[in-house]
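No value in this document is a laboratory result; all are computed from the given coordinates. Note that the coordinates shown come from a computational prediction; the quantities given were computed from them, not determined experimentally. So basically every Cβ, Gly included, is an ideal-geometry build from the backbone, and we count neighbours across all protein chains shown.
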Amino acid sequence: MEFGSVRRVLDGDTYEVLLPAGLVRVRLLGVDAPELSQPYGRQAADSVGRLLQGRVLEVGRLGVDGYGRTLAGLRVGVAVGPLAGPFVRRWLRVDSLLVARGWAWAYEPGRSVPALAGLQERAQRRYRGLWRCGLVAPVRPAVWRAMNKLEKLRSWGGCS
């Protein structure tokens, strides 16, 4: 494990993280967040930015993807309680937080049911984040990237 901090949120699941060895582009494992150009993409990235800003991260590197990004599990250190002070009292998984808040899909290629599927279902039932208009509106990022401009316009029905 390494410890660092987020320097920049590129989108909901990709960040530039400052580690002792230098700046690393990290792709969060276990989730797939909307692209910045798609509905809820900016909101997901902004939510992550607020969550991680100024906090210590625990980074567990697990490889590199085809884009040269470091694949990693992340945990964010939070102080708990009114007297917690600046010290980390608890570590929370970033992937779980994103899915529970409705800003990402549970995503594990090769598994029929992702580990975080239950959290996603709960976020959907509670209309959180990208599920605020129900299950019909959100389009998975891989599908979104494959769509042409007209298909993208048609896919978004205008939920506020």
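A few points about this structure:
- Difference of contour (0.36 nm per residue) and Cα-Cα distance, GLU121 to GLN53: 21.7 nm
- Neighbours of VAL56, meaning other residues whose beta-carbon lies under 12 angstrom from its beta-carbon, give a summed charge of +2 when Lys and Arg score +1 and Asp and Glu score -1.
- Theoretical gain in end-to-end length, ALA146 to VAL64 [0.36 nm per residue, Cα-Cα removed]: 27.2 nm
- Most fluctuating residue given options TRP144, TRP105, TRP131, as computed from a GNM of the chain linking Cα atoms under 10 Å: TRP144
- Working from label points 7 Å from Cα in the Cα-to-Cβ sense, the VAL113 to ARG128 distance is 2.0 nm.
- Computed over Cα pairs, the Kirkwood radius of the chain leads via Stokes-Einstein (1.002 mPa s, 20 °C) to a diffusion coefficient of 130 µm² per second.
- Ellipticity estimate at 222 nm from DSSP helix runs (n ≥ 4, -39,500 (n - 2.57)) divided over the chain, nearest 500: -7000 deg cm²/dmol
- Two-site FRET efficiency, LEU23 against ASP46, from Cβ-Cβ distance with R₀ of 25 Å, rounded to 0.05: 0.70
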